[in-house]
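Contents: one structure, followed by commentary.
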Amino acid sequence: MNIKQISFRDVNQVIAHQLGSVFQPTYSSEDSFQYRRNPLGDLMTALVPHPEFKMLGLRNIPQMPENSLAYTTFAWAGLLKHLRQMLISNAKMEEGIDWQVRPPLSGLPALEKVSPNKELRFNTSIANLLILRGKDVHSADTGGFKDPALYTSWLQPSDAFCEWRTHRAFNKYEKSAALVSNSQFLLKPLDTIVGKAWNMFASKAYVHQYTKFGIEEEDFLDSFTVLEQIVASYCNL
């Protein structure tokens, strides 16, 4: 965004833009002119096929300073190519995309199970929801997100991928795309957080400040168990 001194207001504007790109109205189906009545319920239905996997991540493109919009043109093919690579390489923004990451060849056995301590290269998905807004939206080719190699083997791409569209532009962008993904995107940071929390708990750091208000050590252990199960489940996709 070319912001020299970033404020909380700037951060909140980015967050609001990201969430708005998902929850602004979309049509309930490709041939419909009726808006979706329950977007949050529809989103959960599309992205959470199993109660053990419910960590969702959001990516949105393009995102740029408002004064740059007048000098920029967007094409669906380019936007979707970048968004797909952001997904599989686990990039948060267009800047810094690792174009060397490729999906595994279909039909080949998976390599060794992923360890959260290893550098995660390819970001395996359980399910993806693609939301397209703007000019010529029905001409956008979303076939790249239907590749079986992107997904875990226990879901068919037809069940794992969903798309919403509307011709109404979002936030002055002629064309924009948002991707809500249930994938391994949070695996490494979540494992790091659990590891740091374990170390603090083992050294009794701050624990007394919780126990004096009725939180027992067993409550900490239960929380660690839940989070470690989440990490293990996403590792084994």
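The values are calculated or read from the model by the stated rules, or taken from the named source; none is laboratory data. Because the structure is a prediction, the values reported are computed rather than measured. Quick reminder, even Gly has a Cβ in these numbers, built from the backbone with ideal geometry, and neighbours come from all protein chains shown. Only protein heavy atoms, including side chains, enter the accessible area calculation; ligands, DNA and RNA are left aside. Shrake-Rupley method; radii C 1.70, N 1.55, O 1.52, S 1.80 Å.
Could you tell me which residue of the stretch 52-70 is most open to solvent (accessible area, probe 1.4 Å), considering only residues that are in contact with a Phe, Trp or Tyr (Cβ under 8 Å, 6 or more places away or on another chain) and over 16 Å from MET1 (Cβ atoms)? Give the derivation first.
Applying the first criterion (in contact with a Phe, Trp or Tyr (Cβ under 8 Å, 6 or more places away or on another chain)) to the stretch 52-70 yields 53, 55, 57, 62, 69.
Still in the list and also over 16 Å from MET1 (Cβ atoms): 53, 55, 57.
Details: PHE53: 19, MET55: 52, GLY57: 6 Å².
Step by step, filter the stretch 52-70, then rank; the result is MET55.
Is it the case that the stretch 71-81 has a residue that's assigned to a helix (DSSP H, G or I), farther than 23 Å from HIS138 by Cβ, open to solvent by less than 50 Å² (accessible area, probe 1.4 Å) and at pLDDT below 95?
First, the residues of the stretch 71-81 that are assigned to a helix (DSSP H, G or I): 71, 76-81.
So of that shortlist, the ones also farther than 23 Å from HIS138 by Cβ come out as 71.
Right, trim to open to solvent by less than 50 Å² (accessible area, probe 1.4 Å) and you get none.
For the stretch 71-81, residues assigned to a helix (DSSP H, G or I), farther than 23 Å from HIS138 by Cβ, open to solvent by less than 50 Å² (accessible area, probe 1.4 Å) and at pLDDT below 95: absent.
Within the stretch 190-237, if we keep just the residues that are touching a Phe, Trp or Tyr at 6+ places or on another chain (Cβ under 9 Å) and not in a helix (DSSP H, G or I), the residue that is surrounded by the most Cβ atoms within 10 Å (Cβ to Cβ) turns out to be LEU237.
Under the condition of being open to solvent by less than 80 Å² (accessible area, probe 1.4 Å) and charged (D, E, K, R), the residues counted in the stretch 21-51 number 2. Looking across the stretch 111-133 at every residue that is small (Gly, Ala, Ser) and at pLDDT 95 or above, the one that is farthest from ASP42 (Cα to Cα) is identified as SER125. For the stretch 153-174, the set of residues classified as open to solvent by 20 Å² or more (accessible area, probe 1.4 Å), assigned to a strand (DSSP E or B), touching a Phe, Trp or Tyr at 6+ places or on another chain (Cβ under 8 Å) and touching a residue at least 40 places away in the same chain (Cβ under 8 Å) consists of ARG165 only.
Among the residues of this structure, ARG102 counts as one that is closer than 20 Å to ALA149 by Cα, open to solvent by 70 Å² or more (accessible area, probe 1.4 Å) and not aliphatic (A, V, I, L, M). Against the list (1) assigned to a helix (DSSP H, G or I); (2) without any contact (Cβ under 8 Å) to a residue 12 or more places away in the chain; (3) not aliphatic (A, V, I, L, M), the condition SER32 fails is (1). Close Cβ contacts (under 6 Å, 6 or more residues apart or on different chains) running from residues in the stretch 1-20 that are part of a loop (DSSP other than H, G, I, E, B) to residues that are open to solvent by less than 100 Å² (accessible area, probe 1.4 Å) and among the charged types (D, E, K, R) comprise ILE3/ASP10.
Out of curiosity, is ALA178 among the aliphatic types (A, V, I, L, M), within 23 Å of the chain's Cα centre (by Cα) and surrounded by fewer than 16 Cβ atoms within 10 Å (Cβ to Cβ)?
Details: among the aliphatic types (A, V, I, L, M): yes; within 23 Å of the chain's Cα centre (by Cα): yes; surrounded by fewer than 16 Cβ atoms within 10 Å (Cβ to Cβ): no.
Considered against the rule, which asks whether it is among the aliphatic types (A, V, I, L, M), within 23 Å of the chain's Cα centre (by Cα) and surrounded by fewer than 16 Cβ atoms within 10 Å (Cβ to Cβ), ALA178 comes out as no.
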